[in-house]
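Data block below; observations after.
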Amino acid sequence: MGHDLSQDAEIWDDAYKLNRAHVFHSWHAQRNLDPTEVVTGHGVWLKYGDGREMLDFTSQQVNVNIGYQHPKVIEGIKKQAELLCTVGPDYANLARGRAASLVARRAPEGFDKVFFTNAGADANENAMRAARLFTGRDKILSSYRCYHGNTGAAISATGDWRRKPNDYSRGHVHFFPPYLYRSEFSATTQEEECERALAHLEHVIQFEGPDTIAAVLLESVPGTAGIIIPPKDYFKGVREITKKYSILMITDEVMAGFGRTGFWFALDDYDYTPDIISFAKGCNSGYVPAGGVIMSDPVAHRFDDIVFPGGLTYSGHPLAMGAIVATQEAMEEEHIVDNAYTIGKDVLGPQLTALYDKHPKIGEVRGKGVFWAVEMVADRTTKEPLDDATMKQIVAEGDKRGLILGVHNNRIHVTPPCVISADEATQGVEILDQMLTAAGC
Ligand code: PLP
């Protein structure tokens, strides 16, 4: 028996009640959830159900890079919807081809092919799949303090031929990435941290057995884990080590890509070329779900004559592709990536650093573009993380003052849409200043 539909009719006008009755929310125990109703948005502003206009310093899941309700993206989706709403992945389709070429041209030279997915997690799944099949090896090395997505065991549960080419020993091995503020290597400078983190990675590779390792997978800027900007030479060093052992390198640009760091891809600020790049979020700011894998030519050509055993019903979905095309074009026309760079350099960087000088419970400020972390501590000397209750209080102070802020453990993440103006960024930092004062920080 289904549920009583008349009950829906009675509460049809009440978003909150309907959501609480029927929506099972992600990453939460359900009982005490209290989701805020969002009605619409514009640029960096969101309108809540109670009528308040809120300044969004989160970009939701750090994905709405182009801001809310961008007219060119809405128009792109509408046009594609009128032409063709859906078509299977096997067909050639203009929006799909254009989206692939616009995405690929942001990657380093020699990356010409894009495999589209629905989001970031399945982008990484397919990046790892390609690396395993390319090398004939199983293990994937990735770092502690990273996030690559929330998919699991679907292909292992599969009961036909598609499971077999994907039936790996699933060796996932972790190592420590550089993070000078809480160095695992007792380093005191970025150079030392970089050198020691690289030596550590090479030891892990040697002990695991280089000929068992398919790829090293790294976020170009670990995002959810703390917006930890890697030292300048880190990726170059990882590239040298991976080449030495014939291991592929996968760069996860899901969160850091498409303008977030003030570069089209965060890897553009480093001197190296990986073998595979995964992307999602900012490619079309989540207006229609999409992600994908950009393959370097050798990886792509490996599958010229052998089957790539990966696929999705909605790979290259026309509406998602229409949204990618319109987003990419609008970002270029409106210099949105340059804007993110300038906001980071001239506004968020200096203003957040000034907050560090004023508030003793800020342990570190780090970031670039519109991708910043303010790490809160109980004590600057011990670096003991600030307690959860105070972190919650900070968020509540923001809500009262009209600012939406992302908080992860003891860190405040400042990640507004890339379209934010200098005035809006300043307004947000001023509110953050008041919030920290009100919370006794
Ligand atoms: N990779 C990174 C770096 C991410 O930040 C995320 C999501 O936050 C993912 C992958 C997973 O993306 P999705 O949630 O779109 O599957």
Legend entry - Close pairs (8 angstrom Cβ cut-off, 6 or more residues apart or separate chains): of a type in the set (Asp, Glu) in region 171-188, part of a loop (DSSP other than H, G, I, E, B) anywhere: Glu184/Phe176
Inset, instruction - Of all residues in region 177-234, count the ones that are of a type outside the set (A, V, I, L, M), in contact with a helix residue (DSSP H, G or I) (Cβ under 7 Å, 6 or more places away or on another chain) and under 24 Å from Glu125 (Cβ atoms). - result: 3
Legend entry - Lone unmet requirement of (1) under 24 Å from the mean Cα position of the chain (by Cα); (2) away from the ligand (no atom under 16 Å from the Cβ) for Lys358: (1)
Inset, instruction - Identify the single condition in (1) of a type outside the set (Phe, Trp, Tyr); (2) closer than 16 Å to Gly286 by Cα; (3) in contact with a Leu (Cβ under 7 Å, 6 or more places away or on another chain) that Ala81 does not satisfy, given that it satisfies every other one. - result: (2)
Inset, instruction - Given the conditions (1) under 30 Å from Ile228 (Cβ atoms); (2) basic (Lys, Arg); (3) within 22 Å of the chain's Cα centre (by Cα); (4) surrounded by 14 or more Cβ atoms within 10 Å (Cβ to Cβ), report the number of the one that Arg132 does not fulfil. - result: (3)
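To keep it simple, each residue is scored yes or no on (1) away from the ligand (no atom under 16 Å from the Cβ); (2) touching a residue at least 40 places away in the same chain (Cβ under 8 Å); (3) under 26 Å from Val44 (Cβ atoms).
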site: Pro222; (1), (2), (3): no, yes, yes
site: Val238; (1), (2), (3): yes, yes, no
site: Thr242; (1), (2), (3): yes, no, no
site: Ser246; (1), (2), (3): yes, yes, no
site: Thr251; (1), (2), (3): no, no, no
site: Thr261; (1), (2), (3): no, yes, yes
site: Ile277; (1), (2), (3): no, yes, no
site: Ala280; (1), (2), (3): no, yes, yes
Legend entry - Where a residue in region 134-153 is in the same structural domain as His200 (by TED's automatic domain parsing) and hydroxyl-bearing (Ser, Thr, Tyr) and its partner, wherever it lies, is assigned to a loop (DSSP other than H, G, I, E, B) and away from the ligand (no atom under 14 Å from the Cβ), with Cβ under 6 Å and at least six apart: Tyr144/Phe176
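Going by the structure shown, is Phe207 under 20 Å from Phe371 (Cβ atoms), out of contact with any His (no Cβ under 6 Å at 6 or more places or on another chain) and in a helix (DSSP H, G or I)? Lay out the reasoning, then the answer.
Details: under 20 Å from Phe371 (Cβ atoms): no; out of contact with any His (no Cβ under 6 Å at 6 or more places or on another chain): yes; in a helix (DSSP H, G or I): yes.
No, not satisfied.
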Legend entry - Search result, residues across region 373-406 that are surrounded by 15 or more Cβ atoms within 10 Å (Cβ to Cβ) and of a type in the set (D, E, K, R): Glu375, Glu397, Asp399, Arg401
Legend entry - Hey, Arg98 of a type in the set (D, E, K, R) and open to solvent by 60 Å² or more (accessible area, probe 1.4 Å) or not: yes
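If a residue counts only when it is open to solvent by less than 20 Å² (accessible area, probe 1.4 Å) and in contact with a helix residue (DSSP H, G or I) (Cβ under 8 Å, 6 or more places away or on another chain), which helices (runs of 4 or more DSSP H) contained entirely in region 287-372 have at least 3 such residues?
Details: elements: 297-302, 318-333, 336-342, 349-358.
So the answer is 318-333.
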Legend entry - Matching residues, region 49-63, being surrounded by fewer than 19 Cβ atoms within 10 Å (Cβ to Cβ) and modelled with pLDDT of 95 or more: Arg52, Glu53, Gln60, Gln61
Inset, instruction - State yes or no: is Ala123 modelled with pLDDT of 95 or more, open to solvent by less than 60 Å² (accessible area, probe 1.4 Å) and away from the ligand (no atom under 16 Å from the Cβ)? - result: no
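The values are calculated or read from the model by the stated rules, or taken from the named source; none is laboratory data. All figures in this text were calculated on a predicted structure; none of them were measured in a lab. Neighbour counts are summed over all protein chains in view; Cβ atoms, including those assigned to glycine, are modelled from backbone coordinates with ideal geometry. Remember, those area values only see protein heavy atoms, side chains included, never the ligands or the DNA or RNA. Shrake-Rupley method; radii C 1.70, N 1.55, O 1.52, S 1.80 Å.
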